[in-house]
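Engineer: What follows is a single structure, and I will ask about it in a moment.
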Amino acid sequence: MSPSPNKYPVPLAEDHPLHDLIWRQNALPMTALAQEVGLFERLQDQPATIEAVAAMLDVAPRAAEIMVAVVAALGFLEALSDGRFGLTAVGRTYLLPSSPFAYGPFLSADHPTLDKLRRAFLAGEPSQPLAVNMETLSIERVRKFITQMHATTFAAASGLAGQDSLARVQKLLDVGGGSGSLSLAIAAHYPQIQCTIMDLEPVCVIAREYVAKYGFEDRVGAAAVDMFQEPWPAGYDGVLFGNIFHDWDVDTCHFLAQRAFEILEPGGTILLHEMPLNDTKDGPLTVACFSISMLLHEKGKQYTSHEFKAMLTHAGFTDFRSVPTFGYYHLVSAIKP
């Protein structure tokens, strides 16, 4: 049976302020780290690309990009038309130690958040892995993580569900679907769609609880599959990834896109629900700061729409689209010919 209209909730407003509150708290530690490693002095005389910044600082390109994107979004650097970044007047006036108006270090060197960020930045690896390490977490930690993710995606799912990219889908595989927040919204909006949440078994247990809560047991199922180690179920004309690609490096994203391409029916749709970074990699600030969380806890970053297009095109998809849905989210879609 379908849930009654008043059982499935619809948000009254978008959630920009909440994401601003959650992710922007790391903007100050990242700027303090940029001061510490001398980013602003290194760009004083000559703008540089992200790759050049990575070489200057002897860090991974991902780490350099995240730092540059955050301080550019704050207005201390500017993206130039040739892909280089240079100091703005604000950055030159207040963040160069040689300036008479220079602000001193924003945080002490032993500040706990700065220390954690420094270790991840220099190592190029997450200091506290979460989603990329899900199979090793305790049941209690899995439940806490999935509950937190549900809270930050449930409202945005309502914006995803109304997109016309889903209108022709009949069977949807929600890869790494977590609590099922996206599948539930899709099922509420499109009665013709049968959804399968694919995730690890401990996550599927939690997902089934949410599905039962909203009365969608007849149209939303859960399949316990390790997406990297086991075959994916076939026979789907839609494959959805909600906040999955941003957890992983480009090579892993290529693998996921290729697997989706292989199991999709011809004419099927791949869908990514993500918060994309600007193609110029200088904002929005909240999205750039979301990448800091990826640096601390995962192996990826917030990708640009152009990068998503390259990944999906590499796998064989065509007809790429990126459409704003809710808050900072976009629905990225492409078609298997």
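The values are calculated or read from the model by the stated rules, or taken from the named source; none is laboratory data. Computed from a prediction, not measured in an experiment: that's the story for all the values here. Ideal geometry is used to build each Cβ from the backbone, glycine not excepted, and the neighbour counts take in all protein chains shown.
Engineer: Of the conditions (1) outside any helix (DSSP H, G or I); (2) under 23 Å from the mean Cα position of the chain (by Cα), Leu28 fails just one. Which one is it?
Structural biologist: Of everything listed in (1) outside any helix (DSSP H, G or I); (2) under 23 Å from the mean Cα position of the chain (by Cα), Leu28 misses just condition (1).
Engineer: For a quick check of your reading: which helices (runs of 4 or more DSSP H) sit entirely within region 51-168 and have at least 2 residues that are under 30 Å from Glu265 (Cβ atoms)?
Structural biologist: In region 51-168, the matching helices (runs of 4 or more DSSP H) lie at 139-161.
Engineer: For a quick check of your reading of the model, give me the residue pairs whose first member lies in region 113-141 and is closer than 27 Å to Ala32 by Cα and without any contact (Cβ under 8 Å) to a residue 40 or more places away in the chain, whose second is charged (D, E, K, R) and not in a loop (DSSP other than H, G, I, E, B), with beta-carbon atoms closer than 9 Å and at least 6 apart or on different chains.
Structural biologist: none
Engineer: Next question, about the same structure. Select from region 28-60 the residues that are farther than 13 Å from Val70 by Cβ and in contact with a Ser or Thr (Cβ under 9 Å, 6 or more places away or on another chain) and write down the one among them that is surrounded by the most Cβ atoms within 10 Å (Cβ to Cβ).
Structural biologist: Gln44
Engineer: In the list Thr49, Thr31, which residue meets the criterion of being modelled with pLDDT of 95 or more, of a type in the set (S, T, N, Q) and either more than 12 Å from Leu95 (Cα to Cα) or touching a Pro at 6+ places or on another chain (Cβ under 6 Å) (or both)?
Structural biologist: Going through Thr49, Thr31 in turn, the sole match is Thr49.
Engineer: I'd like to know if region 221-235 contains one or more residues that are over 28 Å from Ile139 (Cβ atoms), touching a residue at least 12 places away in the same chain (Cβ under 8 Å) and part of a helix (DSSP H, G or I).
Structural biologist: no
Engineer: Return the pair list, or none, for Cβ contacts closer than 6 Å from residues in region 251-269 that are of a type in the set (A, V, I, L, M) to residues that are in a helix (DSSP H, G or I) and surrounded by 17 or more Cβ atoms within 10 Å (Cβ to Cβ), at least 6 apart or on different chains.
Structural biologist: Sorted first by the residue in region 251-269, then by its partner, the pairs are Ala257/Met311; Ala257/Leu312; Ala257/Ala315.
Engineer: Are there any pairs, at least 6 apart or on different chains, whose C-beta atoms fall under 6 Å, with the first in region 51-63 and in contact (Cβ under 8 Å) with a residue 40 or more places away in the chain and the second of a type outside the set (D, E, K, R) and not in a helix (DSSP H, G or I), and if so, which?
Structural biologist: Qualifying pairs under 6 Å: Ala60/Gly124; Ala63/Gly124.
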